[in-house]
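Participant: For reference, the structure I am asking about is given below.
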Amino acid sequence: MLRFKGKGVYGAIAIGRASLLVKKSDEPSKRVNIESVEGELLRVTNARKKAHSQLDEIYKKAILEVGETGAQIFEIHKMMLDDEDYLESVESIIKNQGVNAEYAVSVASKTFSSMFENMEDAYMQARAADIKDISSRLISCLSENEFTEVSLKESSIICASDLAPSETVALDKSLICGIATVYGSVNSHTSILARNMNIPAIIGLGEEFLNAVHNGDTVAINGYTGEIFINPDKETVTSFERLIKDDKEKKLLLETLRGKENITLDGRKVNLYANIGGVENLGAVLINDADGIGLFRSEFIYLESDSYPTEQKQVEIYKSVLEAMGGKKVIIRTLDIGADKQVDYFSLEAEENPALGYRAIRICLDRTDIFKTQLRALFRASIYGNLSIMFPMVTSVWEVEGILEICEEIKKELDREEIKYAKKIEMGIMIETPAAAIISDSLAPLVDFFSIGTNDLIQYTLACDRQNPRLDKYANPHHEAVLRLIKYTVDSAHKYGKWVGICGELASDLSLTEEFLKMGIDELSVSPSFVLPLRKKIRETDLTK
Ligand code: PEP
Ligand code: MG
């Protein structure tokens, strides 16, 4: 038995047979001298046409499986196939070196993917996988090979060095029970697709993993812990079988909680909302029966875009979320980039301490053009549902005054243009810095609600960079300092008759649910899959004890 550990990107457990995904196009393309440059360029044109029509098909399949936003990556692949720089590079290798198209594409692929890999921004680094994906497709079309050599006959755990988004969607979903890759990033579209397809997935297992695993090996995968066992011993198989059974039972039991109230045994009701990063998560919100959306991280719209998303594009996204939620509350947080979320086209300067740097509302209050575009889109979309707007990374009263002033300007602008917006839009702020928590009694009169961002509140209170795994033992989320700040924030909000929720990961920590409810928390917002377990916990809690 061999054990490997990576990063779990979707929590579920499975045992299955390993199926190694070997890409023919992974094999280096041989360099062959050609006689007719014109003929070779024509082969590239024809292969591109074929690749385009394959991508059209994959796009249609992806829409059904992962929704419009998830499927958009394949539209982007089509654009990448037509990218002038990429094509020029392929063509000039053919012309200048007199070599075959397959070889030219593989060289261009290496150049462009390493360019992306060397970019600082994690999102842009993840685009290297897309370049490799379209190049592999082009080579397979040139060689008339099947794109990937995997035909699944039984329930399999796909083991690969990396998995391109198009490969993930093309696989027969009914026969995949897990995904394990050597590389990959949590931000990659493949991870996002795996999550949306509810497949246990582990990335970053290291090169040794692929040397150790063979087709047909029994593999046990735990997407919760990131652990994977190759040919597990009897004991491990038994413990996995128990875990799978428990997981299934838990999920079945939770089904019965759909439609039920979030109410404690002694009658305290609490709102239970879900956190999302995009339209593609809406299905999970509805399936898990959240009462609303407590945090829509709108920065993902910017992260997934190559340039500033227009007002109209944003209106459409916000509108679709509001409409899908059919009148339930939707709290959209304005742009929170900077720190670990970098967007190239913002051209932000590199910083020594980005988490303590130029991020979120600090950028928005400076670059009001970007902020106003987003606010106009939010106000315009507000007529389609029950919208609340929330602002991240507040530390001072003057920031909130500045934000509200800009909102008033936007309203006047829209009035002048006779554009409609909802008359009542709740305005709230995130309490995610110790400063905001400590002055929460001064902030409360200015806003309609608070949402406590414990992910950042913990890092700033305990001086522990949330990206640094070495600080785990210091970043104690149950630290008295954090809990006192939360309690003080709740008291401040209630003193002024405002409601207060938690949207950081701590909201789903069931060992704290009772304490939060005793503090008086009015709302908890968690990842969609945590909604029902949390509902169960709330319904079993008795606050009188
Ligand atoms: C938080 O800081 O707790 C939060 C919800 O925001 P994010 O994780 O996006 O920083
Ligand atoms: Mg935060």
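Computed from the coordinates by the stated procedures, all read-outs in this text should not be read as laboratory data. Everything numeric in this text was worked out from a predicted model, so none of it was measured. So basically every Cβ, Gly included, is an ideal-geometry build from the backbone, and we count neighbours across all protein chains shown.
Participant: For segment 264-539, give me the percentage of DSSP beta bridges that are antiparallel, rounded to the nearest 5 percent. Walk me through the numbers on the way to the answer.
Facilitator: Values: 1 of 31 bridges.
Roughly 5 percent of the DSSP beta bridges within segment 264-539 come out antiparallel.
Participant: For each of Val500, Val400, Val105, count neighbouring Cβ atoms within 10 Å of the residue's Cβ, then give the residues from fewest to most.
Facilitator: Neighbour counts put them in this order, fewest first: Val400, Val500, Val105.
Participant: Still on this structure: Kindly put Phe530, Phe449, Phe346 in sequence by how many other C-beta atoms sit within 10 Å of each C-beta, fewest to most.
Facilitator: Working: Phe530 23, Phe449 19, Phe346 16.
If I rank by nearby Cβ atoms, fewest first, I get Phe346, Phe449, Phe530.
Participant: Where the centre of each part is set by its Cα atoms, how far does segment 105-140 sit from segment 471-530, in angstrom?
Facilitator: 42
Participant: Compute the acute angle (0 to 90°) between the alpha-carbon long axis of helix 122-143 and the principal axis of greatest extent of the alpha-carbon atoms of the chain; round to the nearest 10°.
Facilitator: In the chain, helix 122-143 runs at an angle near 30 degrees to the longest axis.
Participant: What is the angle, in °, between the Cα long axis of helix 37-81 and the longest principal axis of the Cα atoms in the chain? Nearest 10 is fine, range 0 to 90.
Facilitator: The angle comes out near 30 degrees.
Participant: Can you put Val279, Val237, Val394 in order of Cβ neighbours within 10 angstrom, beginning with the fewest?
Facilitator: Details: Val279 21, Val237 16, Val394 28.
In order of increasing Cβ crowding within 10 Å: Val237, Val279, Val394.
Participant: Counting Lys and Arg as +1 and Asp and Glu as -1, each charge on the Cβ, what is the dipole of segment 34-143 about the Cα centre in debye, to the nearest 20?
Facilitator: 380
Participant: Straight distance only, please: which aspartates and glutamates reach the Cα of Lys495 with their own Cα at less than 16 Å, same-chain residues fewer than 8 apart left out?
Facilitator: Here the aspartates and glutamates satisfying the reach criterion relative to Lys495 are Asp441, Asp448, Asp522.
Participant: Another question about this same structure. Cα-Cα over 18 Å: which of Lys49/Lys173; Lys60/Lys319; Lys30/Lys110; Lys78/Lys313? Can you show the working numbers first?
Facilitator: On the way: Lys49/Lys173 27 Å; Lys60/Lys319 23 Å; Lys30/Lys110 14 Å; Lys78/Lys313 20 Å.
Lys49/Lys173; Lys60/Lys319; Lys78/Lys313, as the Cα separations exceed 18 Å there.
Participant: Can you list residues from other chains, or at least 5 along the same chain, whose modelled amide H is less than 5 Å from the amide H of Tyr10?
Facilitator: HN-HN under 5 Å from Tyr10: Ala201.
Participant: Find, among the trypsin sites (Lys or Arg not before Pro) in segment 236-343, those assigned to loop by DSSP (not H, G, I, E, B) with at most 15 other beta-carbon atoms within 10 angstrom.
Facilitator: Hits after loop and neighbour filter: Arg258, Lys260.
Participant: Another question about this same structure. Counting only GluC sites (Glu not before Pro) that are in a DSSP loop and have at most 14 other C-beta atoms within 10 Å, tell me the longest site-free stretch of the chain.
Facilitator: Result, exposed sites excluded: 419-545.
Participant: Charges only on Cβ, +1 for Lys and Arg, -1 for Asp and Glu: so what's the dipole of the chain about the Cα centre, in debye to the nearest 20?
Facilitator: For the chain, the charge dipole is close to 1600 debye.
Participant: Normalised by the number of residues in segment 34-143, what is the relative contact order in percent for Cα pairs under 8 Å and 6+ residues apart?
Facilitator: Rounded, it is 31 percent for segment 34-143.
Participant: Each residue of segment 418-423 in order: what ³J(HN,Hα) in whole Hz does its phi give by Karplus 6.51 cos²θ - 1.76 cosθ + 1.60, θ = phi - 60°, with x for Gly and Pro?
Facilitator: For segment 418-423, the Karplus-derived couplings read 6, 9, 7, 8, 5, 6 Hz, x marking Gly and Pro.
Participant: Using only Cα atoms, tell me the angle between helix 397-416 and the longest principal axis of the chain; keep it within 0 to 90° and round to the nearest 10.
Facilitator: Helix 397-416 and the main axis of the chain meet at about 80 degrees.
Participant: Quick one: net charge of Cys464's neighbours, Cβ under 10 Å, K/R +1, D/E -1?
Facilitator: Every neighbour counted, the sum reads +1.
Participant: Something else: Which whole-Hz couplings ³J(HN,Hα) result when phi for each residue of segment 426-440 is put into the Karplus expression 6.51 cos²θ - 1.76 cosθ + 1.60, θ = phi - 60°, listed in order with x for Gly and Pro?
Facilitator: Whole-Hz 3J(HN,Hα) from phi for segment 426-440: 5, 10, x, 10, 7, 9, 9, 10, x, 4, 5, 5, 5, 9, 4.
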